[in-house]
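One structure is given below, encoded as structure tokens.
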Amino acid sequence: MSKLHHYLSMIVFVSAVMLGVQAPNFVDQYVKRVDAHFQEASSAFASHQKTADLYHGGSVEKLIDHYRAQPDPTFQSGAEAIADSKRRVERFSNEREALQAGLWGQMWHVLWSRDAVLFTATMENFSANVPLNTDAVICGIVAGILASIIFELLLWPFRRLFYQSRKPTRSC
């Protein structure tokens, strides 16, 4: 193995490990963001639910219909605000529910089924650190191994550049 190939392999492995240990940290920040939005949305929606409980048998839909039926545009606008508030609570509640799995389930969800707005906000405000816990170490090692395998597979067609051909010498 040439020195260049060796150093490139080491750089790929170490870089992947450093990125891999960030995965649990990113997922944790995403989960916290979802939870914070859920708490805020639930708090804002609570007064509407209370009104629905008092006057419409707990049905927020009936409250919204009541507001929409009013001739006053102020009430009609209020109906849309209540409906939006309800949708936000449902959106964040569904996201929280999807994140109830363990770390690997959470990572799968964040990779493939995430809320795009929350994901982007988490990316923009992500604070990297090097957590020293089992999940981070495992993710780092897995990322390092996968990146090394991919790197080696990508370099396979170019292996002659990294290895000098050795001609057999004749012994007399």
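Tell me, which residue of segment 20-51 that is modelled with pLDDT of 95 or more and of a type in the set (Gly, Ala, Ser) is surrounded by the most Cβ atoms within 10 Å (Cβ to Cβ)? Filtering first and then ranking leaves ALA41. Considering segment 95-139, the residues that are loosely packed, with under 15 Cβ neighbours inside 10 Å, in a loop (DSSP other than H, G, I, E, B) and of a type in the set (A, V, I, L, M, F, W, C) include one that is modelled with the highest pLDDT, namely PHE126.
Listed by first and then second residue, the pairs with beta-carbon distance under 6 Å, at least 6 apart or on different chains, first residue in segment 116-135 and hydroxyl-bearing (Ser, Thr, Tyr), second in a helix (DSSP H, G or I), are THR122/GLN29; THR122/TYR30; THR122/ARG33.
When only residues in segment 60-88 that are under 29 Å from LEU118 (Cβ atoms) and among the polar types (S, T, N, Q) count, which is surrounded by the fewest Cβ atoms within 10 Å (Cβ to Cβ)? For segment 60-88, the residue satisfying everything is SER77.
The values are calculated or read from the model by the stated rules, or taken from the named source; none is laboratory data. No experiment lies behind these values; they were computed from the predicted model shown. Note that we place each Cβ from the backbone using ideal geometry, even for glycine, and neighbour counts take in every protein chain shown.
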